[in-house]
1. Residue by residue through segment 286-330, note down the ones that are under 21 Å from the mean Cα position of the chain (by Cα) and at pLDDT 85 or above.
2. Counting only residues that are assigned to a helix (DSSP H, G or I) and touching a Phe, Trp or Tyr at 6+ places or on another chain (Cβ under 7 Å), which one in segment 274-302 is farthest from residue 229 (Cα to Cα)?
3. Given (1) at pLDDT 70 or above; (2) exposed (fewer than 14 other Cβ atoms within 10 Å of the Cβ), where does residue 69 come up short, assuming only one miss?
4. Considering only residues that are surrounded by 12 or more Cβ atoms within 10 Å (Cβ to Cβ) and not hydrophobic (A, V, I, L, M, F, W, C), look in segment 1-45 and name the one that is modelled with the highest pLDDT.
5. Can you name the helices (runs of 4 or more DSSP H) wholly within segment 160-273 that have at least 3 residues being more than 30 Å from residue 61 (Cα to Cα)?
6. Pairs needed: first member in segment 44-69, closer than 8 Å to residue 180 by Cβ and in contact (Cβ under 8 Å) with a residue 24 or more places away in the chain; second member anywhere, buried (at least 17 other Cβ atoms within 10 Å of the Cβ) and of a type in the set (S, T, N, Q); C-beta distance under 8 Å; at least 6 residues apart or different chains.
7. Answer yes or no as to whether residue 183 is surrounded by 10 or more Cβ atoms within 10 Å (Cβ to Cβ), modelled with pLDDT under 80, of a type in the set (A, V, I, L, M, F, W, C) and more than 30 Å from residue 272 (Cα to Cα).
Amino acid sequence: MTLERKKDFLINILFAATVIGITVVVAKFMFAYLLPFVIGVCVAFAVQRPSAAVSRKFHIKKQACAVFFTVAVCLLFFVICALLIWALGSKLIDLLTRLPGYFSGFEKSIDAFRESMANNMRALDSEQREAVYGAFSRTAGAFVSSVTGILSSFATGLIKGLPAFLVSSVVTVVASCYIAKDFDKLKKFAFGMMSKNLSKRISEIKSIFTENASKFLKGYLIIALITFAELTVALLILNVKNPVVKALAVAVVDFLPVLGVGTVLIPWAALELLGCNWFLGMGLTVTYIIITLVHNFIEPKIIGEQIGINPVFTLISMFVGLKIAGLAGMILTPLSLTVVFGYFRKTVLSDKER
């Protein structure tokens with residue numbers, strides 16, 4: 001590289017780092033307040049191409065097509081959520097009806113354990129036996145109280161958060177419709193507030209981000225399919241009813257942001273162990289460990305291949321993102337890294353250097 005091109009490279013890197021820094025700050029401190037509008041912009045952006053195609057073919061106003069597609073996307077999302085809630089609700093009701101059986105089995109195990117302890121501690125005097133029994137009873141009581149407290153806190157948080165969720169949902173739908181309807185005007189206004197050079201750079205970054213985001217999504221879809229296959233095989237071995245359906249449900253949860261297979265498998269395994277179903281409980285625990293290990297091994301490789309970055313750099317970016325912003329950072333940091341690399345390759349390197 002010449003000195004001039006090195007200067008351009010440093011300026012471009014500084015610009016990209018500034019954009020990423022501002023994005024992280026906004027996402028970290030204001031994302032909670034602007035989430036409905038962020039979702040609205042994403043939905044509006046996604047429906048622009050199909051809206052334009054339908055508008056040209058059927059000679060309908062693009063704004064009307066955009067609103068129609070936006071409402072359709074929102075309805076589809078709510079239908080999927082309703083089906084998931086219905087499925088989880090039915091499973092929860094089934095769990096509540098079976099919970100007394102779990103606890104009765106747990107109590108029988110405790111009684112058998114205490115009887116075994118009594119047989120083994122007959123050599124101790126009465127005070128020592130009482131001390132051991134007291135410690136065991138306190139531990140068991142603390143465990144039951146802890147489980148009850150967790151379930152109670154979860155139910156309370158769910159009830160308190162429901163009104164805010166409903167209001168946010170309504171605002172999201174309304175905002176999505178308004179943004180989709182006036183998307184071209186809002187885009188023109190936003191770019192009109194910038195200089196031509198800045199708007200050109202942002203357009204380039206947007207195109208690179210869109211291209212890599214689709215590859216990123218494809219990579220995680222491949223990982224979800226691998227997880228589905230692993231779960232199907234494991235549930236078949238464990239002789240679980242409807243293994244394919246349950247494996248698909250867990251894989252969908254794993255594909256969603258922030259959530260993972262542990263969200264389903266860990267409570268499921270804990271309940272089976274609580275009900276003394278040792279084979280299924282231990283089997284689910286081993287399944288979770290294996291899936292987690294495989295997931296951590298293949299994720300950097302698959303995502304790295306999709307976005308064109310060495311798996312080592314992908315793993316480093318995921319780890320740094322996890323430390324900075326948790327699971328969300330683990331997803332967004334590699335994507336931001338691809339945008340920086342893609343911008344550098346497109347604007348700085350020549351065709352021969354690429």
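1. 287, 288, 289, 290, 291, 292, 293, 294
2. 274
3. Condition (2) is where residue 69 drops out.
4. Per the criteria, the residue is 40.
5. Once the helices (runs of 4 or more DSSP H) in segment 160-273 are filtered for at least 3 residues that are more than 30 Å from residue 61 (Cα to Cα), what remains is 196-237, 243-255.
6. Every condition considered, the pairs that remain are 44/70; 44/176; 47/70; 66/48; 66/51; 69/51.
7. Against the criterion (surrounded by 10 or more Cβ atoms within 10 Å (Cβ to Cβ), modelled with pLDDT under 80, of a type in the set (A, V, I, L, M, F, W, C) and more than 30 Å from residue 272 (Cα to Cα)), residue 183 does not qualify.
One line per residue, one yes/no per condition, for (1) surrounded by 12 or more Cβ atoms within 10 Å (Cβ to Cβ); (2) closer than 21 Å to residue 277 by Cα; (3) within 21 Å of the chain's Cα centre (by Cα); (4) not aromatic (Phe, Trp, Tyr):
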{"site": "188", "(1), (2), (3), (4)": "no, no, no, yes"}
{"site": "199", "(1), (2), (3), (4)": "yes, no, no, yes"}
{"site": "208", "(1), (2), (3), (4)": "yes, no, no, yes"}
{"site": "212", "(1), (2), (3), (4)": "yes, no, yes, yes"}
{"site": "220", "(1), (2), (3), (4)": "yes, no, yes, no"}
{"site": "226", "(1), (2), (3), (4)": "yes, no, yes, yes"}
{"site": "234", "(1), (2), (3), (4)": "yes, yes, no, yes"}
{"site": "247", "(1), (2), (3), (4)": "yes, yes, yes, yes"}
{"site": "251", "(1), (2), (3), (4)": "yes, no, yes, yes"}
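The values are calculated or read from the model by the stated rules, or taken from the named source; none is laboratory data. In this text, all values refer to a predicted model and were calculated from it rather than measured experimentally. Virtual Cβ from ideal backbone geometry, glycine too; neighbours counted across all protein chains shown.
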